[in-house]
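K.L.:
First the structure, which I've put down as structure tokens, then a few questions once you've had a look.
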Amino acid sequence: MSKDTVLDHMKEEGLRLTPQRVHIVELLFELSHPTAERIYSMMIQKFPYVSQATVYNTLKKLKEIGFVKELTNGDKSSNFELTETDHWHFHCKACGEIYDLEPEETEALMAVGTHNGTFLVESFQVEFYGVCAKCKA
């Protein structure tokens, strides 16, 4: 997925491509699993008068059209990522870093189980919590 693909799809969805919205998309490509607050704090460096609502509404719309996934945490904060595929995540409780894990499709399906065909898996989100190797050392 490219920045142009996301921006073109936003236009197709009727969103004006304001400089603020374009920069939000750029930050999503640049940052690893940022929170809306982190995006906002970086936005005000370039656009001092941008509102938090602009950031939240843009993230919400990108989520609705399927380009952004929201990762909700136990502390009620959310991280966001641009992605085209479902994958697992590991959250380090010490440093707060989030790592992408790419399971084989069969691993994901085996984790759910087939229950004699009663489930049709359309997407998934698996979250692991612990301490990363960097913090463990």
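The values are calculated or read from the model by the stated rules, or taken from the named source; none is laboratory data. Source: prediction; values computed, not measured. Ideal geometry is used to build each Cβ from the backbone, glycine not excepted, and the neighbour counts take in all protein chains shown.
K.L.:
Against the condition modelled with pLDDT of 85 or more and either loosely packed, with under 14 Cβ neighbours inside 10 Å or farther than 15 Å from Val25 by Cβ (or both), how does Gln125 come out, does it pass? Explain how you work it out, then say what you get.
P.N.:
Numbers: modelled with pLDDT of 85 or more: no; either loosely packed, with under 14 Cβ neighbours inside 10 Å or farther than 15 Å from Val25 by Cβ (or both): yes.
No, not satisfied.
K.L.:
Right, another one. Considering region 1-52 alone, what residues qualify as being of a type in the set (D, E, K, R) and more than 15 Å from Val68 (Cβ to Cβ)? Walk me through it before giving the result.
P.N.:
Filtering region 1-52 down to residues of a type in the set (D, E, K, R) leaves 3-4, 8, 11-13, 16, 21, 26, 30, 37-38, 46.
Across region 1-52, the qualifying residues are Asp4, Asp8, Lys11, Glu12, Arg16, Glu37, Lys46.
K.L.:
Which one is surrounded by the most Cβ atoms within 10 Å (Cβ to Cβ) among residues in region 66-99 that are within 8 Å of the chain's Cα centre (by Cα) and hydrophobic (A, V, I, L, M, F, W, C)? Show your work before the answer.
P.N.:
Going through region 66-99, the residues within 8 Å of the chain's Cα centre (by Cα) turn out to be 68-71, 79-83.
Next cut, hydrophobic (A, V, I, L, M, F, W, C) only: 68, 71, 80, 82.
On the way: Val68: 20, Leu71: 16, Phe80: 23, Leu82: 16.
Of everything passing the filter in region 66-99, Phe80 is surrounded by the most Cβ atoms within 10 Å (Cβ to Cβ).
K.L.:
From Val50, Val55, which residue is in the same structural domain as Leu17 (by TED's automatic domain parsing), in contact with a Phe, Trp or Tyr (Cβ under 7 Å, 6 or more places away or on another chain) and among the β-branched types (Val, Ile, Thr)?
P.N.:
Numbers: Val50 fails: in contact with a Phe, Trp or Tyr (Cβ under 7 Å, 6 or more places away or on another chain).
Val55 is the lone residue from the list that is in the same structural domain as Leu17 (by TED's automatic domain parsing), in contact with a Phe, Trp or Tyr (Cβ under 7 Å, 6 or more places away or on another chain) and among the β-branched types (Val, Ile, Thr).
K.L.:
Among the residues of region 34-55, are any surrounded by fewer than 14 Cβ atoms within 10 Å (Cβ to Cβ) and at pLDDT below 90?
P.N.:
No, because not a single residue in region 34-55 is surrounded by fewer than 14 Cβ atoms within 10 Å (Cβ to Cβ) and at pLDDT below 90.
K.L.:
So in region 19-33, with the set limited to residues that are touching a Leu at 6+ places or on another chain (Cβ under 9 Å) and among the aliphatic types (A, V, I, L, M), which one is surrounded by the most Cβ atoms within 10 Å (Cβ to Cβ)? Reasoning before the result, please.
P.N.:
From region 19-33, those touching a Leu at 6+ places or on another chain (Cβ under 9 Å) are 21-22, 24-25, 28-29, 33; that's our starting set.
This time we only want the ones that are among the aliphatic types (A, V, I, L, M), so: 22, 24-25, 28.
Working: Val22: 15, Ile24: 26, Val25: 20, Leu28: 23.
The qualifying residue surrounded by the most Cβ atoms within 10 Å (Cβ to Cβ) is Ile24.
K.L.:
Against the condition farther than 20 Å from Arg16 by Cα, modelled with pLDDT of 85 or more and small (Gly, Ala, Ser), how does Gly130 come out, does it pass?
P.N.:
Yes, satisfied.
K.L.:
Would you tally the residues in region 6-16 being in a helix (DSSP H, G or I), free of Cβ contacts under 8 Å to residues at least 60 places away in the same chain and hydrophobic (A, V, I, L, M, F, W, C)?
P.N.:
Quick first cut of region 6-16, residues in a helix (DSSP H, G or I) only: 6-12.
If we keep only those that are free of Cβ contacts under 8 Å to residues at least 60 places away in the same chain as well, we get 7-12.
Next, only the ones that are hydrophobic (A, V, I, L, M, F, W, C) stay: 7, 10.
Number satisfying all stated conditions: 2.
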